[in-house]
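Notes to accompany the following structure.
Please treat every number below as a calculation from the coordinates, not as lab data. Remember, predicted model here, so these are calculated numbers, not experimental data. For neighbour counting, all protein chains shown are included, and Cβ atoms are generated from backbone atoms with ideal geometry for every residue, glycine included.
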Amino acid sequence: MEDFINIGRRVPKKDGEEKVTGRAVYIHDLSIPGMLYGKILYSPHAHARILRIDTSRAERLPGVRAVLTGYNIPSIKFGFYKDNVPLKAGKVRSCRDEVAAVAATDPEIAEEALDLIRVDYEALPAVFDPEEAMREGAPLIHEEHVGGKEKKPTNVLNLPWKLVCGDVEEGKRNSAHIAENRFKVTWVNHCCMGTSGCLAHFDHQNNLTIYSITQIPSLAQKDYTEALSAMGLQGKRVRVIKTTIGGGFGSKLDTYAFEYIAILLAHKTRRPVKIVFSRDEEFFATSPRQPAIIDISQGCTKDGRLTFRDVRMILDNGAYTSWGATTPSVMMMPISSLYKVPHVRYVAKCVYTNNTYSQAMRGYGNPQATFAIESQIDILSEMAGIDPLDFRLRNANTPGEVTPQNFKIQTCGLRECIDAVAQKLDWRQNRGRRDGRGIGMASLIHVGGGARVYKSDGCGTIIKVDDFGMVNVITGATDMGQGVDTVIAQIVAEELGVRTEDVSVIHTDTDVCPWDVGAHASRTTFVAGNSARGAARKVKELILEVAARSMGERPEDLDIRDRTVFCRNDPEKKSPLGKVLRSAHYTTAGRMMMADYFYDPSNENLDREFKGNLSVTYTYGTHGIEVEVDRETGEVKILRYIAAHDVGKAINPMLLEGQVYGGAVMGIGYALTERLILHQGKVMNPNFLDYKVLTARDVPRIEALVIETNDPAGPFGAKGIGEPGLVPTAPAIANAIYDAVGVRITELPITPEKILKALKEKELSEHRPAPVGLPEDRAARGSHHG
Amino acid sequence: MGKLTITFELNGEALSVEIESHLTLLGLLRDRLELKGTKEGCGMGECGACTVLVDGKAVNSCIFPAAEVDGKSVTTIEGLSGQDGDLHPLQRAFIEHGAVQCGFCSPGMILSAKALLDENPRPTEEEIRKAIAGNLCRCTGYLQIIEAIKAASEKL
Amino acid sequence: MKRFDYLKPRNLSEVFSILKEKPEKALIVAGGTDVMVMIHQKRISPEVLVSLRGIEGLDRIEEREGLSIGPLVTHRAIEKSERIRREYSALTDAVDVLGSIQIRNVATVAGNICTAAPSADTAPPLLALGAQVKLKSATSERTVPLENFFTGPGKTVRQPGEVLTEIALPKPLPHTGSAYWKHQRRQALDLPIIGVAVLLSLDRSRVECFDLFRQPSPISTLLHGLEKEEVVCKEVRIGLGVAAPTPMRAMKAEALLRGKKLSDELMDEVAEMAAQEAQPRDSIRGEAWYRKEMIRVLVKRMAMRSIERALDPGATAFPLRPWRH
C-alpha cells in the first residue's frame, strides 16, 4: 500500500468557500459597462412557413438598439449535421425555433420589444412521431434533405450507425431461449440550477471575447471562429472566458443558437450583449436527453450463456441535429461490451420530426441502451430459470478480455461490484418474495480512460512553481462543479511532493489555458489528470536538477515529499523545497520552474465498422436496489440503494461519492418521475412544478461502494466516474419492481399509473385469457427453443 | 408607476431605499443593491435558489414584494460570515462534507438550513429533509448536504 | 415582471375605498405567492396590489366555539399549532405537505382558497371540517359555507369589493377524527394528482379491537372488528380536490355512511360512490381513470385514519403507508 499524502484524501472542493459565501461569479452575475440585454422570440408553431416579419415597431421602442431576424444576418450553419442556423428564415420547424432577437438597454424593454414584433406564419402539416416521419408521404422537415441509395427526399438522416460483430443468425441458432422486447425512453432535461447564458463583446478590431459556461472551451472557440468567418471577420481572435458554471451534465457540450445570436447582436450594436435564459427557456430551448424506441432481442444457451444481442433503434432527431444523433456511437458500447456476447448487431436510424432536438446528457446514450439491455437480461434469465445474479456472474466481463467491438478491457471489477451489491442486499434471502417488496440489480460499462470521439482525445497542461513552492496548474480541462480543480491539484501535489493546498488550478481562459477536447465521456480525471501528472513529472525533474547542484547530490538519488527535498539513501540530508527553488532563481543563469505536457491517451478512433479501442480503460459498476410497491396506488418507494463502482482508484473519495449520489438521484428521476412532456411539439411542462426533479424529501439513502482495481494507465490508478452513477439506475429499479409485484414496465418514466395499469392487466390475465382490445404489449413474451 | 421608500435592516445594517413599487425582494438585492449572492433559479418560487431570511424565516425572494420588507430584518448569504470574515459553521460544514458542487443552490440551501437550526438546534434527519425540501439541487443528490447540516448542528 | 402600485392600507375601510376607486384593476393580496407567480407568467396584470399585511389583528387564530382563522394566517402558523394538529388534523395534514417552508412562511390559507385552484390543498380539509367563510364589503357582511364558495376553476362567489375576513370551523362532535392525503409524485413542491380529506365522528371513544390498529392489519380486518362492536358513524364529510372543476364534497357518498354502522362492505360502497360523484379530467398532471381509482383507494384509507384519530387523539403522526394489504 502506497503511503500517499494527497491521493485518497477527502479534500474539500477548492472553490467551496467562494460558493458558500455567495462570492462566486456566475454568468447571471456578470456585467460590463455599456452592456445590453438580449432576448429571443420563438416560433409558436411546430411547422410553418414564415410569410413576413415586421420588426419596425420593436425597433422604434426607446431602449432597443438592434433587432435581428433570419433575413438580416449572415449565413452561419452550425450543429453536427450543419442543418441549423441561429435565426430562422423561410420556415420554422419546431416550437423552439428562434425567429428574431432583440438587444436593449434593460431586460424588460427587450421583452416588451419581442411583443412588438409581428410575424405572419402559414401553418404546415407537422409530424411528431419518428415512426410516422419515416413513412412515405410524411411532411418533410428539411425539404432539401435527401438520403438513401436513390437520394430521395427523406426525414431519415444519412448517418452510418450500424455495428455487426460475428453473426447474429448463428447466435440465434445456438440459443435455447430468446427474448424479444420493445423499450421506450423519452426526453428529460438537465435542469442545471444555473440557467444558460453568455456575454459577448468585440474590441475595436473586432476580436471577440465571450464569457461562457461551455464545457468545451477549445472546441467552442473553434465554433465561434467559424462564425466570425461567416460574418466576414476572418483571422480575428476569439477568447473564451468561463465564469463559474451552474451545472453542466452535458448541456454545455454544444454551441447553441443563443450564443451565435449574442455574438451577432454584439457585433451589430458595437456593445457587449448578455443573454441569459429564463427557466422556461431553459426547459424548452435547450436540448434534452436523446429519446429512443428500442427493439432488442437477446438469447442464451440452456446454462445461461449469452449467445447474441440484436438491437434496432429509432431516434427522434427533432427538427435540427445536435449530439443526440451521435448517441448511437456510445450506445454501441454497452450493446457490444456489457457482459460477454459473441454475436452483436445494432442499427440505429435518426429521424427528423417537428419536436425538440437532443444533445449530450450524462451518459450520452448509455443509460438509454442499458435500460433495454439490463431489463431484458432479467427477462431472459427468468426464461432460462436462472437467478439473474448468477446469470450476470456467468457472463461478466473479465480483465484482459477483448470485446466484439475490439475494446481492450484492462482492469475490470465487474464481478466484484456484482458480488458486493448482492451481499449488501442479502440477495439469496430477499429475492423472489413477490410480496410488494423486491430487489433488482443492473450493471454498467462506460469509458473510463478518455474516449477518442474526435481525432484528438488530448489535454494540455502548463505548470509553474514559484519561489516558495506554490504551484499553478494551468489546464485545458473544465470544472463545472464536479471537482476537477481539486482532483488535479491532488494529483500534482502528490507527484511534486507538496500539499494540495499549495496547488491552484486555473482553467478559465483560452488565452491562457492550453488545448483540451472537452469535459465529456467522464474523461477529465483520467486525461487531464495524466496530463497534469506528466507536466508535474517534468517540473520535478527540473527541481531535482537544481536541488542536486545545491545539495551536492545526484538528481536520481533525490526525491521530494511534503515540501522537502531529501536524499533517498539518507533522508536526514534534506532541504526545504522553497529554499531549493529560490536558489534556482536568484543566481546567475537562473531557471524558471515551468513545464508543459500534452497527454493524448493511446486509445483509438472507431474505424469504419465502428470497431476499435475507444478508451484506454473502462469503468464498471453495478447498482442494486430494494423497492416497495404499493399495489393499490402503484407508487414505488426505494428502501435501499447500493451503488458499487470499479473506479480504479478514488483520488478524492468525498468528491467521488458526490458524483455517485448525484448521478444516482438523477437516475432515479429518469426512472420514476422525470419527463419533458411534448404535445404537438410544444413543451407542456417548462417549469419545476410540472417537471418533477426530486427534492430532499424524495431521495433514499445511497451506499456508494468503491472498488479499486488500480488501473496502471490512470493517474495513480484512477478511472472516470462522472457519468456511471446514472447509467444502470433505471433497469435496476425496473428489475426490482418486477421482483416486488411481477410486472415489467418497458417505458420510462415508470409512473404509478403505468404500474397500476400493468397490475390490473396482470390480474385480468391470471383469471381468464386476455380479452380482445388490450393494448399490444410485447413485454415478457419470448419463444422457447427446445 | 409608483415609488415608495422602505426602511429595513439588511445583514445587520439599517438601510433606507426608494424603490419602484413592483420590485421583488430578489430584484432589490441583486439589481438595486448589487448583492449577487442570492440567485434566481426560476423566478416563480419553485426551486428555492433565491431563499433569504426575513425576520428569521426562509422565503422565496423572487416572489416576495420588496415593499413588504419595510420594518423587517433581512439576512442574505453575504450576511452569514462574521465581521472578520469567519465562516458560519454551516458554511464550513458544507465545504467540509462535499455539499457544494456547482454551488448555484448553495446560498439558498444554507439559509434554509440556518432558519432550521435557529429554530431547532438538534433536528432529526427527517426534519432536515423537510426544511430543505424547497431547495432543489441537481448536483449532489442532497445526501452530503444533509450530512453537512447535521454536522453543523452538532457544532452550534 | 409587469409594473404595479403596491399599497398597504392600515385598516379595512381604507381597503374598501381603494377597491371602490379601481374595482377592475386592483387585487387584494395577503402573502402574494399565487399573485406574484401569475404576474410573472403574464396571466394577470393588475395596476394595484392592495396588501392586507399592514392591518392589525388579521393574523390571529382564535379559539371560540370552534376555530376562527384570520385572512393573514400563514400555512406555517397552522403547521405549528398543536391544537389544530389534534382537533382539526386534516388541515395540518394539508399544510404539512404544501409547497415548501419558504412558501408556507408567506402564503396564507385564505389566499389559497381565494385563488380557488381545483388543486388547492387546504380546500378539501376545510370542506371536510365544515368550514364557513366570512366576506365583508364596505356596506355588508355575509357568511358562505365553503361548499358554496367555489364556482369554477379560479372562481369564487367573492365580489371584487369584498374581503375574506375569516374562515370559521365549527367545533367538531366528540370522538371525531379527520385526515387529508395529498396524492403526489414528489414529497414537496408538488401539486396533488388527487386530494382526499375525510372527517368521521364515531358514537364512542373506545373500542376493544383497537389493538388491531397498532399492527399491520388490512383495512378489511379493522372494519370487521368495528362491525362486530357495532360502531356507528354519527357524522362524515368527504372533501375532494382535483376531482372536479372546483374542490367538492362527495355528498352522496357521505349520505351512504352517515348514521350507519361501519362495515367493510359499506366502506367499499362509500368509496365507490365518492369515485362516481367525482368528475376528474385528463391533464398533464394525471389521468382521469387513475384519479377515480385513487379516490376509491384513498377515501377508504383516510376514513380509517380518521377513525384511528377519533379513537386515539394523540395519533397524529403516521407512517407513510398506513396498513399493509
- Message: Largest first, please: the extent of the C-alpha atoms of region A:188-338 along each principal axis, to the nearest Å.
- Response: 74, 33, 28
- Stokes-Einstein translational diffusion, region A:277-423 - Kirkwood Rh over all Cα pairs, 0.692 mPa s, 37 °C, in µm²/s: 197
- Message: Given a Förster distance of 60 Å, report the FRET efficiency between C:Arg142 and A:Leu639 from their Cβ-Cβ distance, rounded to the nearest 0.05.
- Response: 0.70
- Task: Within 10 Å of each residue's Cβ, count the other Cβ atoms and sort A:Thr353, A:Thr673, A:Thr751 from fewest upward.
- Result: A:Thr673, A:Thr751, A:Thr353
- Message: From Cα pairs below 8 angstrom and at least 6 apart in sequence, can you work out the relative contact order of region C:66-205, rounded to a whole percent?
- Response: 30
- Vicinal HN-Hα couplings computed from phi for region A:132-140 (Karplus, 6.51 cos²θ - 1.76 cosθ + 1.60; Hz; Gly/Pro x): 5, 5, 7, 7, 4, x, 6, x, 8
- Enumerate the calculated ³J(HN,Hα) couplings along region A:87-103 in order (Karplus 6.51 cos²θ - 1.76 cosθ + 1.60, θ = phi - 60°), each rounded to whole Hz, writing x wherever the residue is Gly or Pro. 10, 8, 10, x, 8, 10, 10, 6, 6, 10, 5, 8, 10, 7, 9, 10, 10
- Message: Which of C:Val157, C:Val198, A:Val11, B:Val54 has the fewest other C-beta atoms within 10 Å, and how do the rest follow up to the most?
- Response: C:Val157, B:Val54, A:Val11, C:Val198
- Message: Give the aspartates and glutamates whose C-alpha is closer than 14 Å to that of C:Lys2, dropping any in the same chain fewer than 8 places away, or say none.
- Response: A:Asp106, A:Glu108, A:Glu111, A:Glu112, A:Asp115, B:Glu20, C:Glu47
- Nearest 0.05, what FRET efficiency do C:Arg281 and C:Lys155 give at R0 = 22 Å with Cβ-Cβ as r? 0.85
- Task: Hey, for a label at A:Asp295 modelled as a point 7 Å past Cα toward Cβ, could you say which residues of region A:161-187 have their backbone N under 19 Å away?
- Result: A:161-165, A:168-173, A:178-186
- For A:Val341, what is the net charge nearby, where nearby means another residue's Cβ is under 11 Å from its Cβ and Lys, Arg count +1, Asp, Glu -1? +3
- Inter-chain shielding of C:180-192 (mean C-beta neighbours from other protein chains, 10 Å cut-off): 6
- Query: Fully extended, how many nm does the chain gain between A:Ser75 and A:Asn472 (0.36 nm per residue separation, minus their Cα-Cα distance)?
  - Reply: 138.8 nm
- Descending Cα extents along the principal axes, the protein assembly as shown, whole Å: 97, 82, 74
- Amide H partners (placed H, <5 Å) of A:Arg640, local residues excluded: A:Glu626
- In region A:1-108, chymotrypsin sites (Phe, Trp or Tyr not before Pro) in a DSSP loop with at most 15 other beta-carbon atoms within 10 Å: A:Phe4, A:Tyr71
- Message: I need the GluC sites (Glu not before Pro) found in region B:21-85, filtered to DSSP loop residues with at most 11 other beta carbons within 10 Å of theirs.
- Response: B:Glu34
- Item | Calculated from backbone phi, Karplus (6.51, -1.76, 1.60) coupling profile of region A:71-76 in Hz, x at Gly/Pro | 9, 10, 10, x, 7, 10
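Restricting to Cα pairs below 8 Å that are 6+ residues apart, what does the relative contact order work out to for region A:99-153? Please round to a whole percent. Walk me through the numbers before you get to the answer.
Numbers: 21 pairs, mean separation 9.1, N = 55.
Computed over region A:99-153, the figure is 17 percent.
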- Partners for A:Lys408 among lysines (Cα-Cα distance below 24 Å; same-chain residues under 8 apart left out): A:Lys162, A:Lys340, A:Lys455, A:Lys611, A:Lys649, A:Lys719
- Using only the Cα atoms of region A:281-366, what do you get for the radius of gyration and for Dmax, in Å? 15.1, 53
- Query: So which of A:Lys88/A:Lys149; A:Lys91/A:Lys152; B:Lys72/C:Lys8; A:Lys13/A:Lys274; A:Lys149/A:Lys172; B:Lys114/B:Lys155 end up more than 18 Å apart, counting from Cα to Cα?
  - Reply: A:Lys88/A:Lys149; A:Lys91/A:Lys152; A:Lys13/A:Lys274; A:Lys149/A:Lys172
- Approximate spin-label separation A:Tyr454-A:Arg118, in nm, with each point projected 7 Å along Cα-to-Cβ: 4.6
- Those GluC sites (Glu not before Pro) in region A:90-152 that DSSP places in a loop and that have at most 13 other beta carbons within 10 Å: A:Glu136, A:Glu143, A:Glu144, A:Glu150
- Just grab the label-to-label distance for A:Trp515 and A:Lys760, each label 7 Å out from Cα along the Cβ direction, in nm (one decimal). 6.1
- For the table A:Lys184/B:Lys39; A:Lys82/A:Lys349; A:Lys77/A:Lys151, the rows whose alpha-carbon distance is greater than 27 Å are A:Lys184/B:Lys39
- Item | Under the Debye formula (equal points on every Cα, no solvent term), log10 I(q)/I(0) of chain B at q = 0.08, 0.09 Å⁻¹ | -0.22, -0.28
- Item | Within-11-Å neighbourhood charge of C:Ala123 [Cβ basis; K, R +1; D, E -1] | -1
- Using alpha-carbon pairs under 8 Å, 6+ residues apart, how would you state the relative contact order of chain B in percent? 23
